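Single-structure report; data block below.
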Amino acid sequence: ESFDAVVNVEASHQYPDFAHFLVEAARVLRPGGHFLYADSRRAPAVAAWEAALAGAPLRKIAERAIDEEARRGLAANTRRTQERLGRRLPALMTSLIRYGVGVLDWELSRAGGFSYRVYCFAKDCSRAGKSLTRRADGLLEQSGGGSDTDGGFDHPRGELASPRSVIG
């Protein structure tokens, strides 16, 4: 069975074999399918992350760093959580939690911070001597042998949504 899209958000940093996960994501995608991915890594792990992504059997269509958006969201969520806990827990417990959050923030900045990114990858089409290439207008164009309707692709012209509509 194959899928049009695989979506993975904020989970892969926990996987014991990230490179194998990328191979499996590519395996279950149909030709022309998309892997939509967002996650973060601490600064010391970014080089290995980038190497694994570069070695994946997928073509990168788009990448965007969303560090500032992630920091704003994290700060807002931390404030809300601390306010809620402050209303429900004893003062000593609230103080300990605030101290713990401060230690985690300090650890993160001491380690060089983190990089949070969002990606769009595609599994290239190649069947019966045909392939798809992206035209300047963003549509995929079929090339190679055979007719446009011989079952080589799900859509006769190979049209897919523009990655710009996925990652703005």
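The values are calculated or read from the model by the stated rules, or taken from the named source; none is laboratory data. In this text, all values refer to a predicted model and were calculated from it rather than measured experimentally. Here Cβ is always computed from backbone atoms with ideal geometry, including for glycine, and neighbour counts include all displayed protein chains. Only protein heavy atoms, including side chains, enter the accessible area calculation; ligands, DNA and RNA are left aside. Shrake-Rupley method; radii C 1.70, N 1.55, O 1.52, S 1.80 Å.
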Exercise. Could we say that ILE97 is open to solvent by 40 Å² or more (accessible area, probe 1.4 Å), touching a residue at least 40 places away in the same chain (Cβ under 8 Å) and among the aliphatic types (A, V, I, L, M) here?
Worked result: no
Problem set entry | Of the criteria (1) assigned to a loop (DSSP other than H, G, I, E, B); (2) within 20 Å of ASP124 (Cα to Cα); (3) over 14 Å from the mean Cα position of the chain (by Cα), which one ALA51 fails | (1)
Problem set entry | Filter result for LEU96 (modelled with pLDDT under 65, in a helix (DSSP H, G or I), more than 30 Å from ALA5 (Cα to Cα) and not acidic (Asp, Glu)) | no
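Take ASP39 and tell me if it is in contact with a helix residue (DSSP H, G or I) (Cβ under 6 Å, 6 or more places away or on another chain) and closer than 25 Å to GLY102 by Cα.
On the way: in contact with a helix residue (DSSP H, G or I) (Cβ under 6 Å, 6 or more places away or on another chain): yes; closer than 25 Å to GLY102 by Cα: yes.
Yes; evaluated as a whole, the condition is true for this residue.
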Problem set entry | Any chance GLU83 is open to solvent by 80 Å² or more (accessible area, probe 1.4 Å) and outside any helix (DSSP H, G or I) | no
